[in-house]
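The values are calculated or read from the model by the stated rules, or taken from the named source; none is laboratory data. Being a predicted model, the structure only gives us computed values, none of them experimental. For neighbour counting, all protein chains shown are included, and Cβ atoms are generated from backbone atoms with ideal geometry for every residue, glycine included.
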Amino acid sequence: MPYIIPVPDEVSQPFWDAVQERRLIVQQCTACNTLQYPPRAACQDCNSDQMTWVETSGKGHVLTWGVLEDSHLPVRAADQPLNLAVVTLDEDPNINFYSNLPGTPVRQVKVGDAVEVTFVEAPDGSLIHEWKKI
Ligand SMILES: [Zn+2]
């Protein structure tokens, strides 16, 4: 399955470095303890810029899902239809990830399905985080 290759910036670089080591980390605010993803320069709750990184369990659940059938992105054209799920992290339901649920046949998804992070190889050999049903 082709993937769009991410381009890390200064804020997201630690996240992508961890993904290359098959680890899923999220930001945590040292002022108010809020967990945060995607990475931002400041806390979404208290605006502190004192952010650190914490390891996650890599476990989550499907919050909602749909099927991508008419993407105009050429990189996706050959794969459609394609699952597109929103996954919530078990540690914090406010943290969401998007996933195509690789290995799960299209539409074989239910809200509440348990998932865990997995890492797939992009065309350039780098790893990208994804989620699979468990
Ligand atoms: Zn905060």
Name the residues in region 72-98 that are among the small types (Gly, Ala, Ser) and touching a Leu at 6+ places or on another chain (Cβ under 8 Å), would you? 85
Looking for something in contact with a strand residue (DSSP E or B) (Cβ under 6 Å, 6 or more places away or on another chain) and either more than 25 Å from residue 13 (Cβ to Cβ) or assigned by TED's automatic domain parsing to the domain that holds residue 18 (or both) - is there at least one such residue anywhere in region 117-132? yes
Matching residues in region 34-46 - criterion: being more than 7 Å from the ligand (Cβ to nearest atom) and either more than 13 Å from the chain's Cα centre (by Cα) or over 23 Å from residue 116 (Cα atoms) (or both): 35, 40, 41, 42, 44
With the condition being polar (S, T, N, Q), I'd like the strands (runs of 3 or more DSSP E) fully within region 3-77 carrying at least 2 qualifying residues. 25-29
Residue satisfying all of: in region 3-46; of a type in the set (A, V, I, L, M) and more than 27 Å from residue 82 (Cα to Cα); surrounded by the fewest Cβ atoms within 10 Å (Cβ to Cβ) among these: 41
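Please determine whether any residue of region 86-95 is part of a strand (DSSP E or B), of a type in the set (Asp, Glu) and under 22 Å from residue 134 (Cα atoms).
Here is the first cut: in region 86-95, the ones part of a strand (DSSP E or B) are 86-89, 92-95.
Still in the list and also of a type in the set (Asp, Glu): 92.
Cutting the leftovers down to under 22 Å from residue 134 (Cα atoms) gives us 92.
Yes, there is a match, as at least one residue in region 86-95 is part of a strand (DSSP E or B), of a type in the set (Asp, Glu) and under 22 Å from residue 134 (Cα atoms).
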Determine the pairs where a residue that is of a type in the set (Phe, Trp, Tyr), located within region 57-85, has a partner that is surrounded by 13 or more Cβ atoms within 10 Å (Cβ to Cβ) and not in a strand (DSSP E or B) with Cβ atoms under 6 Å apart, the partner being 6 or more residues away or on another chain. 65/109
Complete set of residues in region 47-90 that are surrounded by fewer than 17 Cβ atoms within 10 Å (Cβ to Cβ) and within 16 Å of the ligand (Cβ to nearest atom): 47, 48, 49, 50, 52, 53, 54
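Looking only at region 107-124, count every residue that is of a type outside the set (S, T, N, Q) and assigned to a strand (DSSP E or B) and tell me the total. Break it down into steps so the answer makes sense when it comes.
Step one: list which residues in region 107-124 are of a type outside the set (S, T, N, Q), which gives 107, 109-117, 119-124.
Still in the list and also assigned to a strand (DSSP E or B): 114-117, 119-121.
Total meeting the criteria: 7.
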Matching residues in region 5-33 - criterion: being closer than 13 Å to residue 92 by Cβ, out of contact with any Cys (no Cβ under 6 Å at 6 or more places or on another chain) and within 11 Å of the ligand (Cβ to nearest atom): 27, 28, 33
